[in-house]
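Here's the structure we're looking at; comments come further down.
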Amino acid sequence: MLDEKILVDMDEIVSLCKRRGFIFQSSEIYGGIGGSWDYGPFGVELKRNIKNLWWRDIVQRRDDMVGLDAAILMHPRVWEASGHIESFTDPLVDCKSCKRRFRADQVQDGICPECGGELTESRLFNLMLKTFLGPVEDDASLTYLRPETAQGMFVNFANILEVSRKKLPFGMAQIGKSFRNEITPRNFTFRTREFEQMEIEFFVKPGTDEEWHQRWVQERFDWYLRYGMRRERLRLRQHQGKELAHYAKATYDIEYLFPFGWAELEGISNRTDFDLRQHSAQSGRELSYFDEETNTHVVPYIIEPSGGIDRAALAFLVDAYDEERVLKRKRVVLRFHPELAPVKAAVFPLLRNRPELVALAKDIASELREDMMAIYDDTASIGRLYRRQDEIGTPFCITVDVESLDDHAVTVRDRDSMEQVRVPIPEVKDTLLERLGKTC
Ligand code: ATP
């Protein structure tokens, strides 16, 4: 059984994100817009850390992967070939009384979950956001904001093969924005209309696809564990029957136990040779690989681990959230893995009216900033400054006090244990770097 205490309420997370500057509603001063969110100073750092770690682990540290940054706007025929125009739909129902719309698979018994009214029959609704290129808004200029980054990688297969000289198996990796006109954006940043994806298309010889599929499922599952996600809040779920997409032979979802229940963080699909065959047939370009061992052309199978950065950020936030009682007061702390923490160190003067302490604290912060995200703060009492940093998840707080002027040492406080140790100023940076891991 789960410890109820550690499964935070979603409202707590939303309010902390706003209060501390992780996430704001988009266009809030105009009343907001559904399914769009803005990342504030700490949210953007969290997202950057997730993206950087993914890129480091997937591209930089692997010999069988190359990166790509394809355009959001693509030729409309891409979406015909991919099947998105025909099949990228959700079943939509309307409430006859309150006129609200829902995804048919998210309501029960034909009854409106908001007002109890009767629902219409379901009809299919295409999730792609339309746009027009150029000044004339007609069918000839119609295209779409990409609903996934994947297609940019499939259509570049021949280019990448030629320039990278990679042999099968090899992969492409891409991070970028995608757009879906979700019928019911909900659960904060979990389901939005604009979001970021981190996707891998891994090309393998047919016949080795099932083994590679299993390897990638394991690899991606372990990745979330590596950055501190609690094992008991992660699970794998295999797609069954009709749930399986039209291109997929098999799909596993990595699910996280959010406060609103188990939900998908990342999907890992065996897409077979569907995509390359489709694009080859529609474009008339050969999209195959010459296998020197067998002297034949093969159309590679594709294993696709496809994750959302916004969902990962939300899961890491929920997972890091912790509350405890310290001296009869509630302490809220985000126990982020050090490599994910938006800010690594915060430096304070014990007395903000002592210019020598302020100057020394500012010097230490600026020295640390060369190598990590570090901030200086003197806008409250030390107790409040600590609490503020705990809520942001900053692993270390450094306090400069009067004694520091004599002993050239400062107090370093650990976020998790709240232990304080005295560290000589010249050793502060190396001490922190060692305890934070390699990348800051
Ligand atoms: P869902 O079933 O939740 O709608 P999906 O199966 O359609 O998701 P995929 O097409 O597999 O999602 O997309 C890959 C990843 O992109 C998802 O695992 C998720 O992390 C992210 N993603 C997809 N749609 C959204 C969205 N509307 N908002 C935020 N992230 C999304």
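The values are calculated or read from the model by the stated rules, or taken from the named source; none is laboratory data. Just so it is clear, the model here is predicted, and its values are computed rather than measured. Note that each Cβ is placed from the backbone with ideal geometry, even for glycine, and that neighbours are counted across all protein chains shown. Protein only, heavy atoms only, side chains kept; ligands, DNA and RNA dropped before computing areas. Shrake-Rupley method; radii C 1.70, N 1.55, O 1.52, S 1.80 Å.
Numbers for the structure displayed
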item: Distance from the range 380-440 to the range 318-353 (C-alpha centre basis), Å; result: 11
item: Cα-based Rg / Dmax (Å) for the range 171-237; result: 15.2, 41
item: Structure-based [θ]222 nm, the chain - -39500 (n - 2.57) summed over DSSP H runs of at least 4, per residue, nearest 500; result: -8500 deg cm²/dmol
item: Carbon + sulfur, % of accessible area of the range 1-116 - ligands and nucleic acids excluded, 1.4 Å; result: 49
item: Loop GluC sites (Glu not before Pro), the range 383-440, which have at most 12 other Cβ atoms in a 10 Å radius of their Cβ (DSSP); result: 419
item: Over 28 Å (Cα to Cα) - which of 328/429; 18/330; 167/249 fall in this group; result: 328/429
item: Of all accessible heavy-atom area on the range 136-285, the percent that carbon and sulfur account for (1.4 Å); result: 44
item: Directionally averaged shadow of the range 1-141, computed from the convex hull of its alpha-carbon atoms, nm²; result: 15.5
item: The chain - accessible surface per residue (Å², probe 1.4 Å); result: 49
item: The range 188-292: trypsin sites (Lys or Arg not before Pro) in DSSP coil with no more than 13 other Cβ atoms inside 10 Å; result: 285
item: The range 312-396 - percent of accessible surface contributed by carbon and sulfur, probe 1.4 Å; result: 50
item: Alpha carbon Rg of the range 16-66, scaled by the compact-globule rule 2.2 N^0.38 Å; result: 1.58
item: Where N is the number of residues in the chain, Cα Rg divided by 2.2 N^0.38 Å; result: 1.13
item: Net charge contributed by nearby residues that have their C-beta within less than 13 Å of residue 358 (K/R +1, D/E -1); result: -2
item: Euclidean distance of C-alpha centroids, the range 141-162 and the range 196-224, integer Å; result: 19
item: Alpha carbon Rg of the range 282-440, scaled by the compact-globule rule 2.2 N^0.38 Å; result: 1.56
item: Extended-chain gain in nm, criterion 0.36 nm per residue less alpha-carbon gap, residue 297 and residue 367; result: 19.5 nm
item: Descending principal axes extents, the range 185-305, alpha-carbon based, whole Å; result: 53, 29, 27
